[in-house]
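Please treat every number below as a calculation from the coordinates, not as lab data. If you're wondering where the values come from, they're calculated on a predicted model, not measured in any experiment. Every residue, glycine among them, receives a Cβ derived from its backbone with ideal geometry; neighbour counts consider all protein chains shown.
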């Protein structure tokens, strides 16, 4: 039987250096997430942080968990991490990346997390040409990382995005085929896949056994102009709160709340497939790049409760 749990990514609160740096800001963000019906949060290296930042803010992992619980949340479900930099396509960096992951996995296990989320390789302009051999090298890296994180009970999941070197269906499938299926899972992001031209529901139906983690957000536009190839695409894409990488078509932002009019993601169809295949894990809803942080959480919470709960 499917055991679908709902969390929320807090990366949206870390768009400026002054965001999410005081305990009252943490409390406000966490309580909004809780009140809107989500039970956990996904953190990042900069949004809340890891074994260095959390003890600095809260004193210890235990005290942070007490704080989370007081805000109505159960745990941290996942960590999205850059694993200290380095390149997955450079074999010389693999051991360093894997060893960096070890203490992170042990720490987030204390917070109740189930997985560590990583980008499979850098942005397309930096990685091009993206060859089958380069994807194989990246897969070797994440297999090493995954074997290490599993010792702490943490699943490593790769998260392709539409600006990543691994971005289309063929490349994502090559990455899965080249990596250890026991060590490496996939984090499927509905908006990122849609923008890159991949149908999330069809992909899930084909590869459900490898998908261990999901990000739910909507998109209204696909990258049909291949703007991911622009040398400055990622510079414009992040950390600006409104995406300017799609300026050729005057796109305000790439990512939207679930149920947005004109949204391209069929969330009910995907959720039906997840239940059919007994998905057991976290669905993390995201509002990255939202200009109205709390409103986005409320809209997503409403859609989950009023639409998806009836699927």
- Sorted from fewest to most neighbouring beta carbons within 10 Å, what does the list 36, 164, 141 look like? 36, 164, 141
- the chain, Gaussian network, Cα under 10 Å: of 175, 104, 225, the residue fluctuating most is 225
- Query: Where both partners of a DSSP beta bridge lie in the chain, what percent of those bridges are antiparallel, to the nearest 5?
  - Reply: 10
- Item | Relative contact order [Cα under 8 Å, 6+ residues apart], the chain, whole percent | 20
- Task: Can you pull the one-decimal nm distance between simple spin-label points at residue 150 and residue 266, each 7 Å off the Cα toward Cβ?
- Result: 3.5
- Message: For the chain, place one equal point scatterer on every Cα, skip the solvent, and apply the Debye formula. What is log10 of I(q)/I(0) at q = 0.14 Å⁻¹?
- Response: -1.09
- Separation of the residue 24 and residue 91 label points, Cα + 7 Å toward Cβ, nm: 5.5
- What ranking do 66, 161 get, fewest neighbouring Cβ atoms within 10 angstrom at the top? 66, 161
- Query: Taking the chain as a Gaussian network, where each spring joins two C-alpha atoms under 10 Å apart, which residue of 184, 166, 130 fluctuates the most?
  - Reply: 130
- Query: How high is the relative contact order of the stretch 1-135, in percent, with contacts defined as C-alpha pairs under 8 Å that are six or more residues apart?
  - Reply: 23
- Note on the structure: For 151, 131, ascending order of other Cβ atoms within 10 Å (fewest first) is 151, 131
- Message: Once you order the gyration tensor axes a ≥ b ≥ c over the Cα atoms, which shape class does the stretch 38-80 get: rounded for a/c under 1.5, otherwise prolate or oblate by comparing a/b with b/c?
- Response: oblate
- Query: Highest GNM mean-square fluctuation, the chain, Cα pairs closer than 10 Å: which of 150, 126, 39?
  - Reply: 126
- Here FRET efficiency (C-beta to C-beta, residue 311 to residue 168, R₀ 22 Å, nearest 0.05) is 0.20
